[in-house]
Amino acid sequence: MPAHYNVLFLCTGNSARSIMAEALLNSKGRPEFTAYSAGSHPRGSLRPEALRQLQSADLPTTGLRSKSWEEFSKPGAPQMDFVFTVCDSAANEVCPVWPGHPTTAHWGIPDPAAAVGTSVLVEKAFREAFFLLDRRIDLFLSLPHGSIDRLSLKKELDSIGRQ
């Protein structure tokens with residue numbers, strides 16, 4: 001495996017979970033990791049609750065935007081080493097599938113954008129999604145990426161997605 005890794009977080013709308021994951025990994029994983037995010041059906045704008053969660057964690061939000069995964073399949077796009085889907089299959093969301101040969105894993109995160117109720121309950125859903133992503137990214141960063149074979153790494157990544 002290379003000394004630098006590109007990671008793509010995929011979701012349906014690319015407005016909350018995948019955006020938070022991108023910001024978290026870019027903050028915690030530099031310089032070994034560069035994170036990106038995209039959606040199969042991008043919303044076109046970011047959820048303000050996701051931005052508030054990132055700002056409350058003192059993470060930069062500059063440059064974050066909702067974008068299509070097609071942007072990363074064009075010539076000249078960064079080659080991905082890892083692709084994580086973060087949509088919640090339990091909520092019957094359709095998770096995009098990434099072609100090619102990166103190591104992939106599914107890290108299902110309940111969609112905080114689907115939360116209903118008071119603003120306090122909605123903010124709580126975004127906070128819970130953020131902390132779940134934060135924990136999984138910490139576990140991902142603790143793996144011995146350069147000295148573990150792809151199959152073992154895939155098993156570890158799938159395990160993280162169940163935590």
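The values are calculated or read from the model by the stated rules, or taken from the named source; none is laboratory data. Small disclaimer: the values here were computed from a predicted structure and weren't measured. Methodologically, a virtual Cβ is constructed for each residue, glycine included, from the backbone with ideal geometry; neighbour enumeration extends over all protein chains shown.
Scanning region 42-70 for residues that are assigned to a helix (DSSP H, G or I) and either out of contact with any strand residue (DSSP E or B) (no Cβ under 6 Å at 6 or more places or on another chain) or of a type in the set (S, T, N, Q) (or both) gives PRO48, GLU49, ALA50, LEU51, ARG52, GLN53, LEU54, GLN55, SER56, GLU70.
Tell me, please, whether a residue that is closer than 23 Å to ARG30 by Cβ, modelled with pLDDT under 85 and not hydrophobic (A, V, I, L, M, F, W, C) can be found in region 120-143. Please lay out each step first, then the result.
Kept after step one, since they are closer than 23 Å to ARG30 by Cβ, are these residues of region 120-143: 129-143.
Those left that are additionally modelled with pLDDT under 85: none.
Looking for residues that are closer than 23 Å to ARG30 by Cβ, modelled with pLDDT under 85 and not hydrophobic (A, V, I, L, M, F, W, C), one finds none in region 120-143, hence no.
On inspection, ARG52 fails the criterion of being within 8 Å of the chain's Cα centre (by Cα), at pLDDT 95 or above and not β-branched (Val, Ile, Thr). Looking across region 47-63, just one residue is of a type in the set (D, E, K, R) and more than 18 Å from VAL120 (Cβ to Cβ), and that is ASP58. Pairing residues of region 132-144 that are farther than 22 Å from ALA50 by Cα and free of Cβ contacts under 8 Å to residues at least 60 places away in the same chain with residues that are among the acidic types (Asp, Glu) and not in a helix (DSSP H, G or I), at Cβ distances under 7 Å and at least 6 apart in sequence or on separate chains, gives no pairs at all.
Among the residues of region 23-30, is there at least one that is modelled with pLDDT under 95, surrounded by fewer than 24 Cβ atoms within 10 Å (Cβ to Cβ) and not in a helix (DSSP H, G or I)? Yes: region 23-30 contains one or more residues that are modelled with pLDDT under 95, surrounded by fewer than 24 Cβ atoms within 10 Å (Cβ to Cβ) and not in a helix (DSSP H, G or I). Pairing residues of region 150-163 that are at pLDDT 80 or above with residues that are part of a helix (DSSP H, G or I), at Cβ distances under 7 Å and at least 6 apart in sequence or on separate chains, gives ILE160/ARG136; ILE160/LEU139; ILE160/PHE140.
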